[in-house]
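The values are calculated or read from the model by the stated rules, or taken from the named source; none is laboratory data. A quick note: this is a predicted structure, and the numbers were derived from the prediction, not measured. Cβ atoms come from the backbone with ideal geometry, glycine included; neighbour counts cover every protein chain shown. Note: accessible area is taken over every heavy atom of the protein model, side chains too, but ligands, DNA and RNA are not part of it. Shrake-Rupley method; radii C 1.70, N 1.55, O 1.52, S 1.80 Å.
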Amino acid sequence: MKTLVFAEGTPTGPSASSLELLAKARELGDPSVFFAGEGSDAIWAALGAHGATTVHHLETADSLPAASAAASMAALIEAEAPELVLFGPNPTDRDTAGRLSARLGVPVISNAVDIDASKTPITVTNEILGGTKLVDTEFTAGSPHLVVVRPKSFIATEVGGEAPTVTAAPATEDGPAMSARVIERHEEASAGPKLTEADVIVSGGRGMGAPENFEIIERLAGRLGAAVGATRAVVDAGWVPYSMQVGQTGKTVKPNVYIACGISGAMQHLVGMKDSSVIIAVNKDEEAPIFGVADLGVVGDVHNVLPKLLEALGE
Amino acid sequence: MKIAVCVKQIPDPATPYSLDPETHLVQRPEDQVLDDTDRYGIEVALQLAEASEGSVVLVSMGPAGTLQGIRQALAMGADEAVVVSDPALRGSDALVTARVLAAAIRRLDADVVIAGTESTDGYSGVVPQQVAELLDLPALTFARKVEATGDGIRIERQTTTGYDVVEAPLPVLISVTAGAVEPRYPTFKGIMQAKSKTVEQPTVADLGMTPDEVGLDGSGQRVIEVRPAPARSAGTKVVDDGEAHLAIVEALEKAKVI
Ligand SMILES: Cc1cc2nc3c(=O)[nH]c(=O)nc-3n(C[C@H](O)[C@H](O)[C@H](O)COP(=O)(O)OP(=O)(O)OC[C@H]3O[C@@H](n4cnc5c(N)ncnc54)[C@H](O)[C@@H]3O)c2cc1C
Ligand SMILES: Nc1ncnc2c1ncn2[C@@H]1O[C@H](COP(=O)(O)O)[C@@H](O)[C@H]1O
């Protein structure tokens, strides 16, 4: 099956999602990649190592890529007729998927955690209600089938492929939709291991009470060599940057240990962390939904439990 | 500045929702509430309108019911609403929803279209981009800060590693995150005024579309099964008596973290 995977660059290489999607696409045949933005030999090599044989590259300069990427992909799809087009969860992936769907008049299924291409029609699985139920949806329209996949649904694997053939993606005509420009880019670097790669994560929610109380989360994380995570409630409140958000609209994490402090365990948070091997939760409300997934639940006040924990660990 | 805001009435998230066993579609009660996520877009719209002596029109697709959710949005200060409500729409997927919203918005001649980044009940997260493409508009997506620049809009766009400053000329679509602004609470006066504001309720035909273009028939996807996910086995719970941190130390030791 011909599969096209959407990718863009990050400071450390191709988007993590593109490498995960390549793992799935490889299983189905020779995957090619549509890459939007500035590329490099290192990026091409990484895509090749993960199984991409062809990369269609669209330079986007300072324009916000989605509109021109969708137009270029539409032309490419007409020429190459892939059956499946896969996107990751990143903002530009989602923008491009939506636009491409509207442009081609074909549906897109979002939040996929699995794709069964052996079935006709292709069937996509989603999680609902905080991951307690699975929904299977089939495409009833013809190809291409567009799917936006949740992070970590497939495991990125190097297969040691050669550098792929890189060709220029179809050029696009300028239109009003393409007039959004990126003026500045800002990285909000965080110390310690990357949230999506960390073995241990200490996360804080609104129950921490105030932004300054996040310091103890950071100290605990420092002691355990852990990354710091957060709920959307505290990201929206401006306590910590969005890059720390775990959940449906943030990062999906599967660490060895996830420590949730002052987090209620809303469905949208659970879908981002419930697959952690061990979940430890501290919450003063014994009815908090987080206890429904916790291997160890401590019913207690974070302001009492965490300082003692830090002391016992001998910071 | 004329601003259209896409808002959704949803079943109250505080009450468990039920699925139609046959179609697997969410069963929608008569009295749905405003999707909390939409309050941010409404607030952004009201601020842009207040600064430009403009107006705010709500655009919604779905069963009108008692219009409770729409009145909540009007009570915040929006001027009027268009609710596309038609039994034929039941089962519409994201693309059909976007086509219907785009058809309704096209009639408004808006300078700015605002949406949430994703709805609480559907969370496909692609409707705004589909609407932008159908209307040939630039889209400033995932905005965590919005400001008018005179002939355009500038936003801070959330990215996976930080944020970008992005700009586009009018007309433009903006999708806003829940961190963008602090939504206002309706005043008593606002609640009273909302009762008499105009809520137009066009049908699919009024928008120049046919029933087979919408709903389940018009959608290129169909839910075939809803099944339970493998459950996590229940863990242990300890009530802190001053020593519960030791249970955590033990769990960390067992997981070989320390
Ligand atoms: C479309 C959509 C997408 C979303 N995406 C995400 C997402 O990606 N990630 C995410 O996290 N959320 C997301 N949310 C928001 C989610 O629904 C919840 O609102 C959010 O997760 C709640 O965060 P919280 O647990 O920090 O706050 P709350 O729900 O307010 O919980 C705070 C908890 O702290 C406890 N507590 C208070 N004081 C103490 C104390 N002293 N000691 C111990 N415990 C204490 C309370 O008992 C409570 O359980 C999304 C929502 C929507 C609608
Ligand atoms: N039925 C609808 N009526 C009005 N606006 C909608 C509807 N569905 C989606 N939207 C808009 O699109 C955004 C994203 O929704 P979704 O794609 O369902 O996650 C929402 O926050 C709304 O602004």
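Annotations
- Under the condition of being under 14 Å from the mean Cα position of the chain (by Cα) and among the acidic types (Asp, Glu), the residues counted in segment A:63-94 number 1.
- Some residue of segment A:268-279 being in a strand (DSSP E or B), closer than 30 Å to A:ALA156 by Cα and away from ligand 2 (no atom under 16 Å from the Cβ): yes
- Among residues of segment A:94-103 being touching a residue at least 40 places away in the same chain (Cβ under 8 Å) and either part of a loop (DSSP other than H, G, I, E, B) or in contact with a Leu (Cβ under 9 Å, 6 or more places away or on another chain) (or both), the one that is farthest from ligand 2 (Cβ to nearest atom) is A:LEU100.
- Failed item in (1) facing another protein chain (nearest Cβ under 9 Å); (2) under 17 Å from the mean Cα position of the chain (by Cα); (3) within 16 Å of ligand 2 (Cβ to nearest atom), with A:GLY247 passing the rest: (1)
- Taking the numbered list (1) facing chain A (nearest Cβ under 8 Å); (2) touching a Gly at 6+ places or on another chain (Cβ under 9 Å); (3) within 19 Å of B:ASP35 (Cβ to Cβ) in turn, B:PHE142 passes all entries but (2).
- For segment B:74-93, the condition of being surrounded by 18 or more Cβ atoms within 10 Å (Cβ to Cβ), under 13 Å from the mean Cα position of the chain (by Cα) and not small (Gly, Ala, Ser) holds for none of the residues.
- Checking segment A:124-136 against the condition returns no match, with no residue being in a helix (DSSP H, G or I), open to solvent by 10 Å² or more (accessible area, probe 1.4 Å), polar (S, T, N, Q) and within 12 Å of another protein chain (Cβ to nearest Cβ).
- Qualifying residue in segment A:104-121 (condition: open to solvent by 10 Å² or more (accessible area, probe 1.4 Å) and in a helix (DSSP H, G or I)): yes
- Candidate set: segment B:201-241, residues that are open to solvent by 80 Å² or more (accessible area, probe 1.4 Å) and more than 14 Å from chain A (Cβ to nearest Cβ); chosen: the one farthest from A:SER101 (Cα to Cα): B:GLN201
- Only listed residue being more than 16 Å from ligand 1 (Cβ to nearest atom) and away from every other protein chain (no Cβ under 14 Å), chosen from B:SER18, B:SER85: B:SER85
- Considering residues of segment A:184-207 that are touching a residue at least 40 places away in the same chain (Cβ under 8 Å) and out of contact with any helix residue (DSSP H, G or I) (no Cβ under 8 Å at 6 or more places or on another chain) only, the residue farthest from A:LYS251 (Cα to Cα): A:GLU187
- The residue list B:ALA115, B:ALA73 contains one member that is within 29 Å of B:HIS24 (Cα to Cα), away from chain A (no Cβ under 14 Å) and outside any loop (DSSP other than H, G, I, E, B), which is B:ALA73.
- Of the residues making up segment A:272-288, those that are more than 8 Å from ligand 1 (Cβ to nearest atom), closer than 16 Å to B:ARG232 by Cα and of a type outside the set (Ser, Thr, Tyr) are A:MET273, A:LYS274, A:ASP275, A:VAL278, A:ILE279, A:ILE280, A:ALA281.
- From the list A:VAL293, A:VAL240, A:VAL235, the lone residue that is surrounded by fewer than 24 Cβ atoms within 10 Å (Cβ to Cβ), more than 7 Å from ligand 1 (Cβ to nearest atom) and within 12 Å of chain B (Cβ to nearest Cβ) is A:VAL240.
- Residue in segment A:257-264 that is within 9 Å of ligand 1 (Cβ to nearest atom) and either among the hydroxyl-bearing types (Ser, Thr, Tyr) or modelled with pLDDT under 95 (or both) present: yes
- Subset of segment A:1-21 [open to solvent by 50 Å² or more (accessible area, probe 1.4 Å) and not in a helix (DSSP H, G or I)]: A:MET1, A:LYS2, A:THR10, A:PRO11, A:THR12
- Residue match in segment A:159-178 (condition: surrounded by 21 or more Cβ atoms within 10 Å (Cβ to Cβ), within 11 Å of chain B (Cβ to nearest Cβ) and under 20 Å from the mean Cα position of the chain (by Cα)): no
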